[in-house]
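*Asks:* This structure is in structure tokens; I'll ask about it shortly.
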Amino acid sequence: MNCRVFALIAILLGLAACGTSITLTQRSAVTPPGMDLSGQWLLRRDAVESVEQIARAGAKAAGDEPIVLSRRETGTRPARRSSDGLVHVFLETGEALKITQTAYGLFISFDRAVVEEYRFGEMREVNVGPVTATRASGWDGGSYIIQTLDDDGVILTERYRLQEGGRVLIRAVFIEKGETRRLDVQQLFDRQEAPGEGGR
């Protein structure tokens, strides 16, 4: 009898080991020379529909019941799992971004409603209400990459990089599970001059 119990435990442990073993890559905590994402950024008019596209992806991932689309709408009801996982609750979007870069991390404000903090080289657990995930963020060459992995093996990736001499911010957003990409959006933001900078 004991042999059967041990055999069953061994089989269950083996199956668990064969499950999802996705891990995130820890990124660099060292800011590339001259790289500063700080500034006020406004989404280009021809890219405004990407905000709705991101929101629709969140709604689809949430299932039939609109539970939590973003940190702004955190409710008291428990989140339900869907085939797309729950990583979408960590996804924010907006038409106006304010980025503050320090020696240790980024603060990104979306439409003046939500401020997210990302620490250079971080690898930690994050949560929104009952939903927890693993977060890794840091520098990869000239890009800042933020990845969030939920318990279902769904990965949210956000990549920020500058173009056109720092006048344009490109934000790419992906949601993937295995070989399937559930969301693939690129947003272009133009740098806005601070008051008093116009004549410089």
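The values are calculated or read from the model by the stated rules, or taken from the named source; none is laboratory data. Just so you know, these numbers come straight off a predicted model, no measurement behind them. Note that we place each Cβ from the backbone using ideal geometry, even for glycine, and neighbour counts take in every protein chain shown.
*Asks:* Does I99 satisfy the condition of being in contact with a Gly (Cβ under 7 Å, 6 or more places away or on another chain), β-branched (V, I, T) and modelled with pLDDT of 90 or more?
*Replies:* yes
*Asks:* I've got another one for you. Filter the range 115-153 down to the residues that are in contact with a Leu (Cβ under 9 Å, 6 or more places away or on another chain) and acidic (D, E) and list them by number.
*Replies:* Residues satisfying the conditions are E116, E117, D150, D151, D152.
*Asks:* Here's another thing I want to ask about it. Would you mind finding the one in I175, I99, I108 that is closer than 14 Å to L37 by Cα and either acidic (D, E) or within 13 Å of the chain's Cα centre (by Cα) (or both)?
*Replies:* I108
*Asks:* While we're on this one: Residue by residue through the range 33-68, note down the ones that are crowded, with 17+ Cβ neighbours inside 10 Å and at pLDDT 80 or above.
*Replies:* Result: L37, G39, W41, L43.
*Asks:* Now for a separate question. In this structure, does I170 turn out to be under 11 Å from the mean Cα position of the chain (by Cα), of a type in the set (V, I, T) and either surrounded by 15 or more Cβ atoms within 10 Å (Cβ to Cβ) or at pLDDT 95 or above (or both)?
*Replies:* no
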